Structures are given as structure tokens and as C-alpha cells.
Amino acid sequence: MQRPYVIDEMISAKTIAARVEELCREIHDEFNGTDKLIVVGLLRGSFVFIADLVRELDLPVEVDFLEASSYGDGMESSREVRILKDLRGAIEGRDVLVVEDIVDTGFTLSHVIGLLKSRGPARMKSIALLDKPTRREVPIKADWTGFEILDEFVVGYGIDYAQRNRNLGFIGKVRFTD
């Protein structure tokens, strides 16, 4: 049984939307002229962010997904990254944007970047909605970051706690009430 909790809003839906617009302008500048940008979403937490990004990008895009897990239903990373679902398409010689919901310890993003680089993309960049640099254990940083946050457990905008709260339009801090 889960501990009782409340969610305090940290980043509003309006603030997220404005930041997504800014990020898309930068991504467009980086990949302008590409014949197709393959947007690789890391499931499950990034799906809302991916949807907003690809709707805002004025580039030809293809969306693919990779599911990696280092959390399960807990609040702490296991530091063991497992690939649960691989890409359906090839990325060799293609332009790739890896989309992550949150970079915490860095284990997941580092593992995925290494895996995808081994497949020979022409160019590969990464973007994370949230970054918790104080928790980093692996020296990696996304090329673009939506928001840098403190070491808080957050939910919303696709990010969950035990598969709940993904549907919130904002990013909120989980505060336990017991």
C-alpha cells in the first residue's frame, strides 16, 4: 500500500508550454535541413513531453520509442538499467533526438546514449524535461534541459509515482502526509 501524499505544484502547465516553444526553436536551429529527425522517446515518463515537442517542431519527424527502466515502482534508482522495449526502426546514418523525462543519477541516459551511438546515427542530441544535477552519479548532461530542479520527488506531465499522476498538466512535488 502506498503512503498517503499530496502534490504541490512546482512548474505550471503555462510555464512548461512556454519552455517547450523555446526548446523547439533551438532544436529547429540545430537540425534545420534534416530530411527526417528521428525523435526517440524514453518511455514511459517522456510521452507527454514528446507529444508537445513534435507538435511544436517545424521539421519532418519520425517518432520511435525505447523503454528503459531503473526505478520500477520505487522512488530510488536501482542503478541497473534494463531495456524493456527497443526501437522498431534503424537509426544508422539518421539524425536522432533522444527525449528523456528526467535526468537524475544519469545511469539511464548514459546507458541509452551509449547504446544508440553504437548504432551509428549521423547526429544525435538529447533533451530532458527535468534535470537534478545534485543527484548525478554518472557524468552526463542532456544537450537541452527544460528545467533544473532540486532533489525532489516529482510527478505530472507524464512522470509517475507507481503509475499514478502522469495525467497532471503540471510538474508537482510529492509530499507525504504520514
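Each value in this text was obtained by applying a stated rule to the coordinates, not by laboratory testing. Just so it is clear, the structure is predicted and the values come from calculations on it, not from any experiment. Positions of Cβ are generated from backbone atoms using ideal geometry, with glycine treated the same way; all protein chains shown enter the neighbour counts.
Taking the Cα centre of segment 13-150 as origin and charging only Cβ (+1 Lys, Arg; -1 Asp, Glu), how large is the dipole, in debye to the nearest 20?
For segment 13-150, the charge dipole is close to 280 debye.
With +1 assigned to the C-beta of every Lys and Arg and -1 to the C-beta of every Asp and Glu, and no other charges, what is the dipole magnitude of segment 106-148 about the Cα centre in debye, to the nearest 20?
Using only the charged Cβ atoms, the result is roughly 160 debye.
Indicate, rounded to the nearest 5 percent, the antiparallel portion of the DSSP beta bridges found entirely in the chain.
Values: 13 of 37 bridges.
Antiparallel: roughly 35 percent of the beta bridges in the chain.
Under the rule of -39500 (n - 2.57) per DSSP H run of 4 or more residues, summed and divided by the residues of the chain, what mean residue ellipticity at 222 nm is obtained, to the nearest 500 deg cm²/dmol?
Working: 3 runs with 40 residues, N = 178.
Mean residue ellipticity at 222 nm (helix-derived): -7000 deg cm²/dmol.
According to the square roots a ≥ b ≥ c of the eigenvalues of the Cα gyration tensor, what is the shape class of segment 13-150, taking rounded for a/c under 1.5, prolate for a/b larger than b/c otherwise, and oblate for the remainder? Kindly include the intermediate steps, with their values, before the conclusion.
Values: a/c = 1.73, a/b = 1.20, b/c = 1.45.
Oblate is the answer for segment 13-150, as a/c is 1.5 or above yet b/c matches or exceeds a/b.
Report the one residue of I102, F65, I50 whose Cα lies farthest in the direction of the positive end of the charge dipole of the chain (charges on C-beta: Lys and Arg +1, Asp and Glu -1; origin at the Cα centre).
The listed residue farthest towards the positive side: F65.
Given the peptides 81-93, 43-55, 159-171, 7-19, arrange them by the average over their residues of other C-beta atoms within 10 Å, most packed first. Show your work: numbers first, answer last.
On the way: 81-93: 12.5, 43-55: 19.5, 159-171: 16.5, 7-19: 14.9.
By packing density, highest mean first, the sequence is 43-55, 159-171, 7-19, 81-93.
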